[in-house]
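We did not get these values from a lab; they are worked out from the coordinates using the rules stated. Predicted, not measured: the structure shown is a model, and the values here were computed from it. Cβ sites come from the backbone with ideal geometry, for glycine too, and all protein chains shown count toward neighbours.
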């Protein structure tokens with residue numbers, strides 16, 4: 001942060017009577033007015049929430065207002081948001097004093113830079129000055145919350161709420177508690193995000209990068225290697241994803257994709273393709289074989305979701321989705 005954040009508590013502009021009437025359950029505090037903070041503000045405000053933004057940098061609010069206007073104008077013109085820019089902005093306030101932004105917020109969404117020291121400093125403050133029942137969520141992309149939650153006695157209310165970017169268009173959000181997080185807070189965060197129109201996914205164990213960025217990173221690592229080795233050009237690799245993998249992944253994940261690719265389901269797929277994937281991994285110095293027990297565990301979860309007697313029906317569903325995408329994208 002520019003000069004630390006303690007100095008921002010010296011004076012406070014109190015909320016207006018109209019603002020005081022806003023109930024805690026309707027209010028989100030966003031700590032950090034960069035691109036992710038703006039994205040969350042657009043999402044929550046366009047879904048009817050009161051949004052209170054704070055940032056330590058003096059020029060952050062003007063940039064945030066301009067970015068919000070641009071995002072909202074696009075969303076409104078495309079019919080994604082049915083309110084006017086003025087109506088959405090009417091739900092957003094900008095605060096020089098962190099205490100004012102935290103007052104009345106049921107969810108505090110920290111969107112500061114990806115630096116442990118910065119997050120520790122911020123969580124010391126928001127842990128002390130937030131509402132006693134507020135969810136304290138970090139938008140961290142890779143740093144687990146146990147790295148900074150210990151700085152505050154409110155550590156039981158701290159967790160990760162890692163969004164897709166931009167959150168107003170990509171609904172998935174990873175909810176990652178630490179060993180300090182109260183189970184009730186984890187559930188409250190899942191419920192809060194779901195009510196706002198996001199799609200929360202519980203990450204059951206802390207791991208650097210969570211799941212979103214681990215999956216993205218695995219693909220990027222292989223992509224860099226393939227370009228390095230002269231196998232493919234950058235644009236051609238992107239084309240494989242744009243018009244190949246990406247088409248399927250737009251509505252299915254890798255497990256369902258594999259499950260539907262081979263009659264007999266994912267267990268049959270693993271038997272046929274597992275050895276080849278193991279060799280590819282070993283080529284990159286990885287040794288993570290799909291053991292029989294692991295394949296059986298994955299297959300059991302897939303069969304609970306899709307019994308084999310409904311496999312043909314789901315394949316038709318997949319093909320219909322791909323037809324719709326082909327009509328849309330060409």
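A few notes on this one:
- Ranked list, fewest to most other Cβ atoms within 10 Å of each Cβ, for 235, 96: 235, 96
- Top of 31, 81, 175 by mean-square fluctuation, Gaussian network on the chain, Cα under 10 Å: 81
- Chain lengthening between residue 232 and residue 250 when straightened (0.36 nm per residue, less Cα-Cα): 4.1 nm
- Cβ-to-Cβ counts within 10 Å put 69, 83 in ascending order as 69, 83, the fewest first.
- For the listed peptides 236-242, 186-192, a ranking on the average number of other beta carbons within 10 Å per residue, highest first, reads 186-192, 236-242.
- Residue exposure sequence - 252, 280 - by fewest surrounding Cβ within 10 Å: 280, 252
- Relative to the longest principal axis of the Cα atoms of the chain, the long axis of helix 116-129 makes an angle of roughly 50 degrees.
- Helix axis angle, 183-195 relative to the chain longest principal axis, alpha carbon, degrees: 90
- Relative to the longest principal axis of the Cα atoms of the chain, the long axis of helix 35-46 makes an angle of roughly 80 degrees.
- Distance from the C-alpha centroid of the range 289-311 to that of the range 139-202: 29 Å, rounded to the whole angstrom.
- Rounded to 0.05, the FRET efficiency of the residue 78 and residue 204 pair, given R0 = 51 Å and the Cβ-Cβ distance, is 0.90.
- Contact order normalised by residue count of the range 76-179, Cα under 8 Å, 6+ apart, percent: 21
- Sequence ranges 318-326, 285-293, ranked by mean other-Cβ count within 10 angstrom, highest first: 318-326, 285-293
- Among 36-43, 58-65, the peptide with the highest mean count of other Cβ atoms within 10 Å heads the list, and the full ranking is 36-43, 58-65.
- Estimated at 0.36 nm per residue, the fully extended path between residue 312 and residue 223 surpasses their Cα-Cα distance by 28.7 nm.
- Here the contact order of the chain, divided by its residue count and restricted to Cα pairs under 8 Å and six or more residues apart, works out to 12 percent.
- Within the chain, percent of DSSP bridges classed antiparallel, to nearest 5: 15
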